[in-house]
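Once you've had a glance at the structure underneath, I'll fire off some questions.
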Amino acid sequence: APTRELASQIGDSFRAYGRFLGLSTAVVFGGASMHKQKQAIYRGVDVLVATPGRLLDHISQRSLRLDQVEILVLDEADHMLDMGFIHDLRRIATLVPKKRQTLFFSATMPDPIAELAGQFLNGDVERIAVTPVSSTAERVEQAVVHVDHSRKQDLLHAMLADQGIRRALVFARTKHGADRVMRKLQ
């Protein structure tokens with residue numbers, strides 16, 4: 001996963017949905033104790049959720065090997081590419097067995113993502129896409145406003161103050177970002 005927030009959410013989901021399957025799950029990402037992560041890995045892990053950089057940190061410290069990986073999942077691959085993880089992902093691809101199942105999730109499929117997918121996927125590739133590109137319901141009004149990052153919150157407040165807006169759905173890139181927006185709105 002590209003971010004610690006997403007890695008944590010995925011780990012929580014594995015633990016919740018798989019609680020009766022007897023699978024052990026660990027989550028590793030930067031900014032957390034390597035020692036505690038190593039302890040979890042040493043106990044044995046069926047499902048490991050990781051950010052690319054921290055995964056490679058564990059590999060370089062020999063606390064983790066990828067030679068028995070059976071299923072490799074790349075979630076939010078387009079975001080990982082945007083965040084500069086392309087070299088880390090290519091290195092990871094060389095460390096996992098060639099015979100494996102690979103799941104590659106990406107909201108968009110620009111050429112660099114398609115190229116990356118080609119490096120990770122082999123054999124019978126099945127592509128599932130939402131076709132046609134989904135459109136907005138007729139009753140939903142859309143607009144794009146370009147604004148400096150520092151002025152986003154002010155713009156959101158101004159837009160929500162509009163009496164014509166009775167309901168709004170606000171998205172944020174991370175859970176922490178959503179929490180920050182919520183605090184400022186309160």
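Just from its helices, what would the mean residue ellipticity at 222 nm be for the chain, if runs of 4 or more DSSP H residues each count -39500 (n - 2.57) and the sum is divided by every residue, rounded to the nearest 500 deg cm²/dmol?
It comes out at -12500 deg cm²/dmol, rounded to the nearest 500.
Here's another thing I want to ask about it. What FRET efficiency, computed as 1/(1 + (r/R0)^6) with R0 = 22 Å and r the Cβ-Cβ distance, is obtained for Lys36 and Ala172, rounded to the nearest 0.05? Let's see the in-between values first.
Values: r = 28 Å, r/R0 = 1.27.
Between Lys36 and Ala172 the formula returns 0.20.
How far apart, in nm, are two points set 7 Å out from the Cα along the Cα-to-Cβ line at Leu155 and at Met109?
Here the modelled spin labels are 3.1 nm apart.
Here's another thing I want to ask about it. Which lysines have a Cα less than 27 Å from the Cα of Lys98, not counting those fewer than 8 places away in the same chain?
Answer for Lys98, where 27 Å is the Cα cut-off: Lys38, listed by chain and number.
Given axes a ≥ b ≥ c from the Cα gyration tensor, I'd like to know whether region 74-167 is rounded (a/c under 1.5), prolate (a/b larger than b/c) or oblate.
prolate
Between Glu138 and Arg62, what is 0.36 nm times their sequence separation minus the Cα-Cα distance? Round to one decimal in nm.
Gain on extension, Glu138 to Arg62, equals 21.9 nm.
I need to check one value: relative contact order of the chain, counting alpha carbon pairs closer than 8 Å and at least 6 residues apart, in percent.
Working: 156 pairs, mean separation 33.6, N = 186.
Relative contact order here is 18 percent.
How would Ile113, Ile71 line up by accessible area, probe 1.4 Å, largest first?
Ile71, Ile113
For region 1-89, what relative contact order do you get, as a whole percent, if you take Cα pairs closer than 8 Å and at least 6 residues apart?
Across region 1-89, relative contact order equals 36 percent.
Something else now. Using the Kirkwood radius over C-alpha pairs as Rh, can you work out the diffusion coefficient of the chain via Stokes-Einstein at 37 °C, viscosity 0.692 mPa s, in µm² per second? Display every interim value, and only then the final one.
Details: Rh = 19.4 Å.
Stokes-Einstein gives a translational diffusion coefficient of 170 µm²/s.
Now a separate question. Determine how large the accessible area of Val144 is when every protein chain is in place; take a 1.4 Å probe and give Å² rounded to the nearest 10.
Solvent-accessible area, nearest 10 Å²: 120 Å².
Now for a different question. I need the calculated FRET efficiency for the pair Lys99 and Asp12, taking r as the beta carbon distance and R₀ as 35 Å, to the nearest 0.05.
Step by step, r from the Cβ atoms, then E = 0.70.
Same structure again: Show which aspartates and glutamates lie in cross-link reach of Lys152 when reach means a straight Cα distance below 17 angstrom and same-chain residues fewer than eight apart are skipped.
Asp162, Asp179
Could you order peptides 147-157, 51-61, 101-111 by the average number of other Cβ atoms within 10 Å of their residues, highest first?
51-61, 101-111, 147-157
Straight-line reach only, C-alpha to C-alpha below 13 angstrom: list the aspartates and glutamates that Lys99 could link to, leaving out same-chain residues fewer than 8 apart.
Cross-link targets: Asp67, Glu70, Asp124.
The values are calculated or read from the model by the stated rules, or taken from the named source; none is laboratory data. Every value quoted in this text rests on a predicted model; they were computed, and no experiment measured them. Counting neighbours? That spans all protein chains shown, and the Cβs are built from the backbone with ideal geometry, glycine included. Just so you know, the surface numbers come from the protein's heavy atoms only, side chains and all, with ligands and any DNA or RNA stripped out. Shrake-Rupley method; radii C 1.70, N 1.55, O 1.52, S 1.80 Å.
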